[in-house]
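Below is one structure, written out as structure tokens; the observations come after it.
The values are calculated or read from the model by the stated rules, or taken from the named source; none is laboratory data. Values in this document were obtained by computation on a predicted structure and should not be read as measured data. Here the Cβ positions follow ideal geometry from the backbone for every residue, glycine too, while neighbour counts run over all protein chains shown.
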Amino acid sequence: MFQIRLGLENNVDVSVYANLKFNEYQMEQIRLGLENNIDVNIYANPKFNSSQMEQIRLGLENNVDIGIYADTKFDCYQMHEIHKGLAQDLDVSIYANPKFDSYQMNQIRLDLEKELQEDYELNI
């Protein structure tokens, strides 16, 4: 009820999330997306937990291609690593694979960042 009340107070269409299939934390992520005028239909799916929803919402707010990780096969930590790589214009296709856990993704992303930095320094 709290998330529905907040949505009504902030003039968002609460019918998108006022449903028992969502828990309060999922409702919060949908409400936050609606308040930021993003297309929540991409993640307003009870198959995503609230942390996955948050990563998708943040990606949409940051204008990254969430289509790469908006999939239930990735947990929120994997989504976070892919999001970070996309935000830095890295080739995330190298590690955007659910067979890699988030720690492995993090290590690959850091290696890619290092390569990018070295290439930049060579071209200065």
| note | Here the residues within the range 25-46 that are part of a helix (DSSP H, G or I) and exposed (fewer than 13 other Cβ atoms within 10 Å of the Cβ) are Asn41
| remark: Over the range 8-29, the set of residues under 21 Å from the mean Cα position of the chain (by Cα) and touching a residue at least 24 places away in the same chain (Cβ under 8 Å) is Val16, Tyr17, Lys21, Phe22, Asn23, Tyr25, Gln26, Met27, Glu28, Gln29
| query | Has the range 101-124 got any residue that is closer than 25 Å to Lys21 by Cβ, of a type outside the set (D, E, K, R) and modelled with pLDDT of 95 or more? | reply | no
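Residues checked against (1) assigned by TED's automatic domain parsing to the domain that holds Ser93; (2) closer than 18 Å to Leu86 by Cβ; (3) of a type outside the set (S, T, N, Q):
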{"position": "Phe22", "(1), (2), (3)": "no, no, yes"}
{"position": "Met27", "(1), (2), (3)": "no, no, yes"}
{"position": "Ile30", "(1), (2), (3)": "no, no, yes"}
{"position": "Leu34", "(1), (2), (3)": "no, no, yes"}
{"position": "Asn37", "(1), (2), (3)": "no, no, no"}
{"position": "Val40", "(1), (2), (3)": "no, no, yes"}
{"position": "Ala44", "(1), (2), (3)": "no, no, yes"}
{"position": "Gln55", "(1), (2), (3)": "no, yes, no"}
{"position": "Gly59", "(1), (2), (3)": "no, yes, yes"}
| Which ones in the range 85-115 are assigned to a helix (DSSP H, G or I) and among the polar types (S, T, N, Q)? | Ser93, Ser102, Gln104, Asn106, Gln107
| note | Considering the range 1-24, residues that are part of a helix (DSSP H, G or I) and among the aliphatic types (A, V, I, L, M), and then whichever is nearest to Cys76 (Cα to Cα), we arrive at Val16
| task | Look at Lys73 and say whether it is at pLDDT 95 or above and not in a loop (DSSP other than H, G, I, E, B). | result | no
| request: State all residues of the range 57-70 that are touching a residue at least 24 places away in the same chain (Cβ under 8 Å) and either over 18 Å from Asn36 (Cα atoms) or not in a loop (DSSP other than H, G, I, E, B) (or both); if no residue qualifies, say none. | output: Arg57, Leu58, Gly59, Leu60, Glu61, Ile66, Ile68, Tyr69, Ala70
